[in-house]
């Protein structure tokens with residue numbers, strides 16, 4: 001497939017691009033500015049969807065894994081995501097995978113654990129996820145991992161999450177890569193935590 005990773009030069013995006021490329025896909029890594037040689041497209045998330053759409057045309061799948069790391073939540077994490085969704089529909093792209101945050105759609109949990117310190121981030125993710133689910137016709141999958149860590153990959157996860165936890169960046173990238181061909185996950189929100197089930201089996205059982 002021809003795959004665009006919005007936020008492809010970030011921590012998750014870089015790992016994801018490597019995994020998808022290793023599986024034979026053509027990967028385009030996009031960011032707002034040229035960061036290094038891994039940037040293959042500049043994409044301004046603040047631009048109007050009509051201006052973004054021509055850059056997305058011909059893609060089989062779009063990943064949205066961009067994030068401002070708390071510096072630009074409204075413009076990037078929320079409205080930037082919505083701009084890409086709108087542009088995807090204008091350009092005829094249907095498959096769309098969005099990286100979100102554990103319990104982003106469940107505000108009643110936002111006081112628990114580390115979530116209490118990222119309320120503004122979860123608000124942005126809440127509305128971005130809701131827009132994708134209710135205001136588009138995209139064939140979406142939303143992945144909601146716990147707090148991201150630099151720990152080595154385990155290759156094992158759980159999608160049965162009841163409290164805030166953590167995931168290694170590598171495991172999140174592993175699940176995202178697997179979702180590319182997992183049509184059984186279309187239209188679903190997957191909350192992710194550290195667990196004992198192999199990623200391939202966990203995704204197949206969604």
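The values are calculated or read from the model by the stated rules, or taken from the named source; none is laboratory data. Here the structure is a predicted model, which is why all the values come from computation and not from measurement. Counting neighbours? That spans all protein chains shown, and the Cβs are built from the backbone with ideal geometry, glycine included.
Brief remarks on what is shown
- Output for the range 183-206, where each listed residue is surrounded by 18 or more Cβ atoms within 10 Å (Cβ to Cβ) and assigned to a loop (DSSP other than H, G, I, E, B): 192, 195
- Whether a residue is buried (at least 18 other Cβ atoms within 10 Å of the Cβ) and touching a residue at least 12 places away in the same chain (Cβ under 8 Å) was assessed, and residue 74 does not pass this test.
- Residue match in the range 129-139 (condition: under 22 Å from residue 14 (Cβ atoms), in contact with a strand residue (DSSP E or B) (Cβ under 9 Å, 6 or more places away or on another chain), crowded, with 16+ Cβ neighbours inside 10 Å and in contact (Cβ under 8 Å) with a residue 40 or more places away in the chain): no
- Residue match in the range 8-27 (condition: more than 18 Å from residue 177 (Cβ to Cβ), exposed (fewer than 15 other Cβ atoms within 10 Å of the Cβ) and either modelled with pLDDT of 95 or more or touching a strand residue (DSSP E or B) at 6+ places or on another chain (Cβ under 6 Å) (or both)): no
- Selection of the range 37-65 for residues being over 13 Å from residue 83 (Cα atoms), at pLDDT 95 or above and part of a loop (DSSP other than H, G, I, E, B) yields 57, 58, 59, 60, 65.
- Which numbered condition residue 87 fails, given (1) under 25 Å from residue 8 (Cβ atoms); (2) buried (at least 18 other Cβ atoms within 10 Å of the Cβ); (3) within 15 Å of the chain's Cα centre (by Cα): (3)
- Matching residues in the range 155-182 - criterion: being outside any strand (DSSP E or B), in contact with a helix residue (DSSP H, G or I) (Cβ under 9 Å, 6 or more places away or on another chain) and at pLDDT below 95: 163, 164, 165
- Within the set 89, 108, the sole residue that is within 24 Å of residue 184 (Cα to Cα) and either in a helix (DSSP H, G or I) or touching a residue at least 60 places away in the same chain (Cβ under 8 Å) (or both) turns out to be 89.
- With respect to (1) in a loop (DSSP other than H, G, I, E, B); (2) closer than 21 Å to residue 187 by Cα, the lone exception for residue 71 is condition (2).
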